[in-house]
1. Please name all residue pairs, on different chains or six or more residues apart, with Cβ atoms under 9 Å, provided the first residue is in the range 202-225 and is outside the structural domain of ARG56 (by TED's automatic domain parsing) and under 22 Å from PHE137 (Cα atoms) and the second residue is hydroxyl-bearing (Ser, Thr, Tyr) and assigned to a helix (DSSP H, G or I).
2. Would you confirm whether or not the range 244-251 contains a residue that is among the β-branched types (Val, Ile, Thr), surrounded by 11 or more Cβ atoms within 10 Å (Cβ to Cβ), assigned by TED's automatic domain parsing to the domain that holds GLN176 and touching a residue at least 60 places away in the same chain (Cβ under 8 Å)?
3. Please name all residue pairs, on different chains or six or more residues apart, with Cβ atoms under 6 Å, provided the first residue is in the range 23-52 and is over 28 Å from THR130 (Cα atoms) and the second residue is hydrophobic (A, V, I, L, M, F, W, C) and exposed (fewer than 11 other Cβ atoms within 10 Å of the Cβ).
4. With the condition kept exactly as written, say whether any residue in the range 262-282 is in a strand (DSSP E or B), in contact with a Lys or Arg (Cβ under 6 Å, 6 or more places away or on another chain), surrounded by 14 or more Cβ atoms within 10 Å (Cβ to Cβ) and in contact (Cβ under 8 Å) with a residue 12 or more places away in the chain.
5. Applying the selection to the range 83-96, what residues are farther than 19 Å from GLU48 by Cβ and outside any helix (DSSP H, G or I)?
6. Give me the strands (runs of 3 or more DSSP E) completely within the range 164-240, filtered to those with at least 1 residues that are touching a Leu at 6+ places or on another chain (Cβ under 7 Å) and modelled with pLDDT of 90 or more, ordered by residue number.
7. Quick check, is THR291 more than 21 Å from the chain's Cα centre (by Cα) and not aliphatic (A, V, I, L, M)?
8. Using the structure shown, decide if PHE68 is over 17 Å from the mean Cα position of the chain (by Cα), at pLDDT below 90 and part of a strand (DSSP E or B).
Amino acid sequence: MLKNKYLIPVIFIIVMFIAFSPIQAKQLSKEEAKQTLTSSDKFKAYIESENLRWNRKTGNDLDYSLNFRDVSEVGEDKYFINVSNINGDPKVRTSVNLINFVIDANTKELFFYSNLEGLIPIKNLRISKTETIFREFAWEDCLEFLEENKGFELVRREYKEVKEMEEDYFGLKVYQRENENLELGSLKLWEIRYYFFGDNLARIMLILDFDDYDHAERMLETRYGEGEGSMGFLTNSVDWTYKRTNIKLHREVSFGDSAASITFESGKMMARYKDWLEEYKQEQAARDAETW
């Protein structure tokens, strides 16, 4: 009787301890963690966005890999997974390393990792859209992508004479669209030229009537704000400078047909072009110096 008196409370305590003790969930394996990540809607949306960006730039689908890494900053019981572009430029870190995800092996919570902010819930990941510059075009769009996905053909014009490089940028491929829409609101354009460095879009020039300069300036100021104007002998121009894009409105009196132009340039692509052009000039000078 005495044994039962003490035995029953002890059993009750043991039962209650077991009932209210947290159950240790099975930790995710690496393969399970990878499956959890790749099946999430946010991850799928991110990859779809990056695939479109890469396809526009190269004409090819994105080929990526998931790589587990040991990163002490994320804490224990968490998997750190790096998403890499297999065909990215190894000289450009952000071209290869796309994003880092972290998965809690116990709770299955998903995060993306920022060097500045640390772990951020994956629900807060913003899926960036390709920024178009003019109509449906974006910087670094490749010719193959435009021809296959935009439903038009480009008529190629390539300038090979060095004497033409100041006006038409020697070394760039210049194209015009068939059946181009030459209406820009109430403005009627003469033509639109698309300039490619390598096979990627670097510059767009809109040619318009000389007398439409003032209206074009008002139109651009309405959209981009006040630009920086300058005047020269028989010329006028206004510039708008942004992080990724430079815009110039220009007109010049010439003998014959006088025209005005609106030019959009990729700062990144044109910097690459100018580096290439300088190297070309140096090599040409060296070849010329050996001709006598």
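1. ALA202/TYR273; ARG203/TYR273
2. Among the residues of the range 244-251, at least one is among the β-branched types (Val, Ile, Thr), surrounded by 11 or more Cβ atoms within 10 Å (Cβ to Cβ), assigned by TED's automatic domain parsing to the domain that holds GLN176 and touching a residue at least 60 places away in the same chain (Cβ under 8 Å), which makes the answer yes.
3. none
4. For the range 262-282, residues in a strand (DSSP E or B), in contact with a Lys or Arg (Cβ under 6 Å, 6 or more places away or on another chain), surrounded by 14 or more Cβ atoms within 10 Å (Cβ to Cβ) and in contact (Cβ under 8 Å) with a residue 12 or more places away in the chain: present.
5. Answer for the range 83-96, where residues must be farther than 19 Å from GLU48 by Cβ and outside any helix (DSSP H, G or I): ASP89, PRO90, LYS91, VAL92.
6. In the range 164-240, the matching strands (runs of 3 or more DSSP E) lie at 187-197, 200-209.
7. yes
8. yes
The values are calculated or read from the model by the stated rules, or taken from the named source; none is laboratory data. A quick note: this is a predicted structure, and the numbers were derived from the prediction, not measured. All Cβ positions, glycine included, derive from the backbone under ideal geometry; neighbour counts span all protein chains shown.
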